[in-house]
Amino acid sequence: MAEINSAAIMVLMTAGSQEEASRLAEMLVGAHLAACVQIMPQMESIYRWKGEVHRAPEFLLLAKTTAACFDELEREVRSLHTYDTPEIIALPVAHVSAPYFEWLTSNAFPPLVSRQAALEREAPIPPQAEG
């Protein structure tokens, strides 16, 4: 079984516009804080804020990442998000196929992991010299 910090998680977030959702998704994938972020089409949210019920269009983001990335992911999203209190909810992944998990952990890793180590994982393995 994988260590708890490398456990796969799904992070749900919302954004008030397609542009903001795309900006957040590209930042997360570009920074290796998520291996993939899907942006769901516009939906309507009905919520309570400061004692009043509001309605607003929103876009749902589904980020595939690891538990070790969550703190940095949250910090980065909060620093760029236009909402005072953005939705950032992590759900554990109960089961994941081995090949997908390998891909996920090769593309989403915490900031303490050397970027060089990640690049080495992507580099082709040189052929063995014959003997």
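Just a few scattered comments:
- Formal net charge of residues neighbouring Ala35 (Cβ-Cβ distance under 12 Å; K, R +1; D, E -1): 0
- Most to least packed among 11-21, 65-75, 36-46 [average Cβ atoms within 10 Å]: 65-75, 11-21, 36-46
- Spherically averaged projected area in nm², based on the convex hull that wraps the Cα atoms of the range 1-102: 7.0
- Radius of gyration, Dmax [the range 55-117; alpha carbons; angstrom]: 14.0, 46
Every read-out reported here was derived from the displayed coordinates using simple, explicitly stated rules and does not represent laboratory data. Given the structure is predicted, the values throughout are model-derived calculations rather than measurements. Glycine gets a Cβ as well: all are built from the backbone with ideal geometry, and neighbour counts include every protein chain shown.
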